[in-house]
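Below is one structure, written out as C-alpha cells; the observations come after it.
Throughout, read-outs are computed from the coordinates displayed, never taken from laboratory work. The model shown is predicted, which means the values in this text are computed figures rather than measured ones. Don't worry about glycine lacking a Cβ; one is built from the backbone with ideal geometry, like all the others, and counts go over all protein chains shown.
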Amino acid sequence: MIHHEIFSTLLHDEPDTRRSRLLERHFNLSGLDERVSLEEFDWGYNPKIPKRACFDLNTLKFVRDGENPILIGPPGTGKSHVAKAIA
Ligand SMILES: Nc1ncnc2c1ncn2[C@@H]1O[C@H](COP(=O)(O)OP(=O)(O)O)[C@@H](O)[C@H]1O
Ligand SMILES: [Mg+2]
C-alpha cells in the first residue's frame, strides 16, 4: 500500500513539475509585468464585473474563434488584472 502511494505520487508529481516549469518559462517570455489569476480576483468587491464572461474568456475560446474581446470600464476596476490573468 505504502509503495503504491509513493509510486503514484512520483508518477503524478513529474508532469505537474514539468507543467509548472513550462508555465514559468512562458510567463518569463510573455513580458507581462506581474503574474495574476482570476482565482485571486475579489469578485465580491464590484458585483458589476461580469465574472462569468471573464471565466469564459479564460477558456481562450475567443482565440480559436478569431475574436477580439474588449474590456471596458472605469480606471482601477481590474481590467488589466483580468487581461493579464487571461494572457
Ligand atoms: N476586484 C479586484 N480584486 C483584486 N484586485 C483588484 C481588483 N480590482 C482591481 N484590483 C487591483 O487593483 C489594481 C488596479 O487594477 P487594474 O487591473 O490595473 O485596473 P484597470 O486596468 O481597470 O485600470 C491592480 O493591482 C489590480 O490587481
Ligand atoms: Mg489598465
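Listing for the model above:
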read-out: Reachable aspartates and glutamates, given that their alpha-carbon falls under 18 Å from the alpha-carbon of residue 48 and they are not under 8 places away in the same chain; value: 39, 40, 56
read-out: Gaussian network model of the chain, Cα within-10 Å springs - most flexible of 13, 42, 56; value: 13
read-out: Inter-label distance, nm, simple model (7 Å from Cα along the C-beta direction), residue 26/residue 48; value: 3.3 nm
read-out: Burial ordering of 9, 77, fewest other beta-carbon atoms within 10 Å first; value: 9, 77
read-out: Cα-based Kirkwood hydrodynamic radius, the chain, one decimal, Å; value: 15.7 Å
